[in-house]
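Down below is the structure, laid out as structure tokens.
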Amino acid sequence: MVGATPAAAAAIVNGCCTLMATNPTDRPYGLVLCRGDVSSSDCRTCAANATREIRKLCPNGKRAIIAYDNCLLKYSDSDFFGQIDENKFSTFTVNNVSNPVLFKEKTTELLSQLADKASYNSSKLYAAGEMDLLEGSMKLYGMAQCTRDLSSVDCKKCLDGNIGALPGVAYGNEGTVVGGSCMVIYATYPFVKA
């Protein structure tokens, strides 16, 4: 499967590509998902880089996932399409804010709105937006996205799970929660590419 990904990376359409081998005795499953705001060229580059790196890190692995700023690549020897991948990891960068409780509330509010929009109002299962913090003196930016093998209902469930995984200690932080089926990102600076 991993060997098949570079050729398929060139065929990525609208940031998503699913792969399956045709030989049923050796049937790997794979998926590449690029962020909804990433150009096709950057998507292909990210997918190719992810493929090279995952080969190095998991040369004999039957299941693996790798995520970069612009894309996510995963593969498995089991059919995972249409199922929520419960694996997730988080990254956070400390950002001092004057009211961490309000920041956490606004982060949850924005990401929940984006989860609804991505799940039910977007064919790409992607949404990005912003919200004022502290009477317009500061903005909060967010993004929510699911892999397109999920239904709208499962996308919402996955995103809600990632939002719920934001640790209580993340007050005042910027961060990302990425899983094999969805991701949420928030920051106090505009990170979405126009």
Is there any pair linking a residue in the range 130-149 that is more than 12 Å from Leu114 (Cα to Cα) to one that is hydroxyl-bearing (Ser, Thr, Tyr) and surrounded by fewer than 22 Cβ atoms within 10 Å (Cβ to Cβ), with Cβ under 8 Å and at least six apart or on different chains, and which?
Leu133/Thr188; Leu134/Ser98; Met138/Thr188; Lys139/Thr188; Leu140/Thr188; Asp149/Thr18
Among (1) loosely packed, with under 14 Cβ neighbours inside 10 Å; (2) in contact (Cβ under 8 Å) with a residue 24 or more places away in the chain, where does Asn121 come up short?
(2)
Are any residues in the range 68-98 aliphatic (A, V, I, L, M) and touching a Phe, Trp or Tyr at 6+ places or on another chain (Cβ under 8 Å), and if so, which ones?
Val97
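If we scan the range 172-183, do we find a residue that is in contact with a Pro (Cβ under 8 Å, 6 or more places away or on another chain), at pLDDT below 95 and either crowded, with 23+ Cβ neighbours inside 10 Å or hydroxyl-bearing (Ser, Thr, Tyr) (or both)?
So in the range 172-183, the residues in contact with a Pro (Cβ under 8 Å, 6 or more places away or on another chain) come out as 172.
Now drop any that are not at pLDDT below 95, which leaves 172.
From what is left, the residues that are either crowded, with 23+ Cβ neighbours inside 10 Å or hydroxyl-bearing (Ser, Thr, Tyr) (or both) are none.
The answer is no; no qualifying residue exists.
Here is a check on your reading of the model: is Gly61 of a type outside the set (S, T, N, Q), at pLDDT 85 or above and in a loop (DSSP other than H, G, I, E, B)? Reasoning before the result, please.
Working: of a type outside the set (S, T, N, Q): yes; at pLDDT 85 or above: yes; in a loop (DSSP other than H, G, I, E, B): yes.
So Gly61 fits the description; yes.
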Which of the residues spanning the range 124-145 are of a type in the set (Gly, Ala, Ser) and either under 16 Å from the mean Cα position of the chain (by Cα) or buried (at least 17 other Cβ atoms within 10 Å of the Cβ) (or both)?
Ala127, Ala128, Gly129, Gly142, Ala144
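In this structure, does Leu125 turn out to be touching a helix residue (DSSP H, G or I) at 6+ places or on another chain (Cβ under 8 Å), at positive phi and at pLDDT below 90? I'd like the intermediate steps shown before the answer.
Working: touching a helix residue (DSSP H, G or I) at 6+ places or on another chain (Cβ under 8 Å): yes; at positive phi: yes; at pLDDT below 90: no.
It is false that Leu125 is touching a helix residue (DSSP H, G or I) at 6+ places or on another chain (Cβ under 8 Å), at positive phi and at pLDDT below 90.
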Filter the range 85-104 down to the residues that are surrounded by 13 or more Cβ atoms within 10 Å (Cβ to Cβ) and over 17 Å from Val178 (Cβ atoms) and list them by number.
Asn95, Val97, Asn99, Pro100, Leu102, Phe103, Lys104
Index of the failed condition, Val153 passing every other in (1) crowded, with 19+ Cβ neighbours inside 10 Å; (2) hydrophobic (A, V, I, L, M, F, W, C); (3) under 17 Å from the mean Cα position of the chain (by Cα):
(1)
Which number in (1) among the hydrophobic types (A, V, I, L, M, F, W, C); (2) modelled with pLDDT under 85; (3) surrounded by 13 or more Cβ atoms within 10 Å (Cβ to Cβ) marks the one condition that Ile54 misses?
(2)
Answer from Lys88, Lys117 - the residue that is out of contact with any Lys or Arg (no Cβ under 7 Å at 6 or more places or on another chain), modelled with pLDDT of 85 or more and within 17 Å of Leu72 (Cβ to Cβ)
Lys88
(1) over 21 Å from Glu174 (Cβ atoms); (2) in contact (Cβ under 8 Å) with a residue 12 or more places away in the chain all hold for Pro59 apart from (2)
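The values are calculated or read from the model by the stated rules, or taken from the named source; none is laboratory data. On a predicted model such as this, the values are computed, not experimentally measured, just so you know. For neighbour counting, all protein chains shown are included, and Cβ atoms are generated from backbone atoms with ideal geometry for every residue, glycine included.
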